[in-house]
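What follows is a structure written as structure tokens; I'll ask about it next.
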Amino acid sequence: MLSDNHKNMVYTIYANEVAAIIPTSDFNKAYEIGLNLLNKMADSIAIDRYQIGILLNGSIVQYPLHIKDSNDAIKNSAMILDQTINDFGLHEYNDEMERKSRLQGELVSELLHAIKENEFHLVYQPKISLDGSEQLSVEALLRWHHPYKGTISPMVFIPVAEESGLINEITKTVIRNVIEQTLLWKEKGLDVKTSINISHRDFNHKDFLTYIQKSMAECQIDPSFIEFEITERGVLERNDNIIKLFTNLRDMGIKISIDDFGTGYNSLIHLVQVPMDYLKVDRSFIINITKPKYQKRIQRLISLAHDLDIKVIAEGVETKEQLDFLKDMNCDIVQGYYLSKPLEADALEAFYKNRV
Ligand code: C2E
Ligand code: CA
Ligand code: CA
């Protein structure tokens, strides 16, 4: 299948994984054979009325340079595939991958420890309603204070938590803390709605909805004080049960935001079935708002969202110029360093007190 050389062999590893041994001392040749194989599978073939092509992800390791036996070969190939998910192509082993993989392994055990010892805390970034019609609202953002590595960014640890399944425990902690903080603010006379970032990995956890219902009932919090942010990518990856889940959450009074809009398929049409209240336009769009091409796209998006009864939040607003454009475009809510960085809970109280 791979060449005329009868020593080439193909093995099945899992139902959706095969391995090939290509005996040659010429790495470039082996690479070319592997790449050809991937490309061949991507060529579409007709089955009934449908054109079907299969996108494959591949890894290539060299013996004896990177592996000493077949176990090593399988382990290293799996590691490469893990680190290159959705990046279809043929990926070569390198030492950096090994280092990254080791660090991720370390991070998983440290995350477990962090959950037990509660090394997390939340900061809150205000969202400002441009016409003042919306209730005060903030987004809860997680911080991890590692005992000796310092503060670790959620951009680093959230993907590891998702991959390892620890995200469910982390999300539960965030939900609990947000409810407590919201009630505390309320006692002090500050009515603030807080949004919580939810991973798409939380949806397939069967007691997710039950956990939320139970926590809200126990704490007697009005669910309209809570919002969930789910990324556009997360929504598109799990479209099946999401509609039911979001409908249930909204029926309870919880608001739904689609986060990082523009970084996935970048089209509201794909999301038309998805029950939602807010659309958060990603910072990568806002950064370019001074360019006419982007202005048109953002303007069209805002109009379409309004037609669908969805409010638009612009994230990552860093300058007055960006804010002015957004005001002109009838954007509903803005968030970003120009208005405020994420704040500690008590600094947030001061932020709102100073504004009235
Ligand atoms: P995100 O949900 O898109 O949050 C916005 C990120 O942009 C935050 O970074 C925020 O601090 C930052 N940001 C806000 N305004 C500006 C601005 O004007 N300019 C720039 N350059 N950045 C701005 P952060 O806190 O580091 O969080 C990064 C990501 O980690 C979040 O992106 C979110 O995807 C994830 N994350 C944070 N907390 C949680 C959490 O509790 N649960 C889950 N599942 N994910 C979380
Ligand atoms: Ca968010
Ligand atoms: Ca975002």
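The values are calculated or read from the model by the stated rules, or taken from the named source; none is laboratory data. What you are looking at is a predicted structure, and each value in this text was computed from that prediction instead of being measured. In this analysis, Cβ positions are derived from the backbone assuming ideal geometry, glycine residues included, and neighbour counts consider all displayed protein chains. Note: areas computed on protein heavy atoms with side chains; ligands, DNA, RNA excluded. Shrake-Rupley method; radii C 1.70, N 1.55, O 1.52, S 1.80 Å.
Can you put 182, 24, 12 in order of accessible area, largest first, using a 1.4 Å probe?
12, 24, 182
Rounded, prolate or oblate: which one fits the range 227-348, using the alpha carbon gyration tensor with axes a ≥ b ≥ c (rounded when a/c is under 1.5, else prolate when a/b beats b/c, else oblate)?
oblate
Measure up 293/327; 255/327; 186/206; 100/280; 149/172 against 21 Å on the Cα-Cα distance and list the ones that go over.
Over 21 Å apart, Cα to Cα: 255/327; 186/206; 100/280; 149/172.
A further question on this structure: Please go through the range 104-165 and write out the chymotrypsin sites (Phe, Trp or Tyr not before Pro) that DSSP classes as loop and that have at most 10 other C-beta atoms within 10 Å.
148
Angle check, please: helix 154-164 long axis (alpha carbons) against the longest principal axis of the chain (alpha carbons), in degrees 0 to 90, nearest 10.
On a 0 to 90 degree scale, this one is about 60.
Please report the net charge: other residues with Cβ closer than 12 Å to the Cβ of residue 250, K and R +1, D and E -1.
Counting the neighbours of residue 250, the net charge comes to -1.
For the chain, set up a GNM with springs between Cα atoms under 10 Å and report which of 65, 166, 136 has the largest fluctuation.
65
While we're looking at this one, here's another question. Can you give the calculated 222 nm mean residue ellipticity of the chain, where each DSSP H run of n ≥ 4 adds -39,500 (n - 2.57) and the sum is split over every residue, rounded to the nearest 500 deg cm²/dmol?
Per the formula, -14000 deg cm²/dmol.
Treating the angle as unsigned and between 0 and 90°, give the value, to the nearest 10°, between the Cα long axis of helix 167-187 and the longest Cα principal axis of the chain.
Around 10 degrees separate the two axes.
Keeping the other protein chains in place, figure out the carbon and sulfur percent of the accessible area of the range 4-93, with a 1.4 Å probe.
Of the solvent-accessible surface of the range 4-93, carbon and sulfur hold 54 percent.
Oh, and also: With a 1.4 Å probe and all protein chains kept in place, how do 237, 229 rank by accessible area, largest first?
Ranked from most to least accessible, the order is 237, 229.
Taking square-rooted eigenvalues a ≥ b ≥ c of the alpha carbon gyration tensor, is the range 4-93 rounded, prolate or oblate, where a/c under 1.5 means rounded and, failing that, a/b exceeding b/c means prolate?
prolate
In the chain, what % of DSSP beta bridges are antiparallel (nearest 5)?
Just about 45 percent of them are antiparallel.
Right, something else. Put a dot 7 Å past each Cα toward the Cβ at residue 66 and residue 47; how far apart are the dots in nm?
3.0
With angles folded into 0 to 90 degrees, how steeply does helix 95-117 sit against the dominant principal axis of the chain? Use alpha carbons for both and round to 10.
40
Enter the Cα centre distance for the pair the range 260-336 and the range 52-71, rounded to the nearest angstrom.
Between the Cα centre of the range 260-336 and that of the range 52-71, the gap is 42 Å.
Can you give the relative contact order of the range 104-355 as a percent, counting alpha carbon pairs under 8 Å and 6+ residues apart?
Computed value for the range 104-355: 19 percent relative contact order.
Calculated FRET efficiency, residue 109 and residue 27, Cβ-Cβ r, R0 45 Å, to nearest 0.05?
0.80
Please arrange 331, 219 by accessible surface area, largest first, computed with a 1.4 Å probe and ligands excluded.
Largest accessible area first, the list is 219, 331.
Can you tell me how the range 197-257 classifies by the Cα gyration tensor, rounded, prolate or oblate, using a/c under 1.5 as the rounded cut?
Prolate is the answer for the range 197-257, as a/c is 1.5 or above and a/b outweighs b/c.
Report the relative contact order of the range 65-191, percent, no decimals, based on alpha-carbon pairs under 8 angstrom and at least 6 residues apart.
17
With Cβ to Cβ distances under 13 Å as the rule, what net charge do the other residues near residue 147 carry (K, R +1; D, E -1)?
Charge balance near residue 147 sits at -1.
Just to be sure I understand: of the beta bridges DSSP finds with both ends in the range 4-93, what percent are antiparallel, rounded to 5?
65
Would you work out the charge dipole size for the chain about its Cα centre, treating the Cβ of every Lys and Arg as +1 and the Cβ of every Asp and Glu as -1, and quote it to the nearest 20 debye?
Around 400 debye, computed over the chain.
Highest mean first, what order results for 168-176, 34-42 on Cβ atoms within 10 Å?
168-176, 34-42
State to the nearest 20 debye the size of the charge dipole of the range 4-93 about its Cα centre, where the only charges are +1 on K and R beta carbons and -1 on D and E beta carbons.
The dipole of the range 4-93 has a size of about 120 debye.
Follow-up. Determine the distance separating the Cα centre of the range 151-209 from the Cα centre of the range 15-33; give it in Å without decimals.
44
Tell me, what % of the accessible area of the range 225-356 is carbon and sulfur with a 1.4 angstrom probe?
C and S atoms contribute 48 percent here.
Rg/Rh for the range 73-147 to two decimals, with Rh computed the Kirkwood way over all alpha-carbon pairs.
With Rh from the inverse mean 1/r over Cα pairs, Rg/Rh is 1.22.
What area, in nm² and to one decimal, does the C-alpha convex hull of the chain cast on average over all directions?
The number I arrive at for the chain is 23.0 nm².
Here's a follow-up. I'd like to check one number: the per residue accessible area of the chain, probe 1.4 Å, reported in Å² as a whole number.
On a per-residue basis, 57 Å².
Please name which of 236, 153, 115 has its Cα lying farthest along the dipole of the range 104-355 towards the positive end, using unit charges on Cβ (Lys, Arg +1; Asp, Glu -1) and the Cα centre as origin.
Among 236, 153, 115, the one farthest towards the positive end of the dipole of the range 104-355 is 236.
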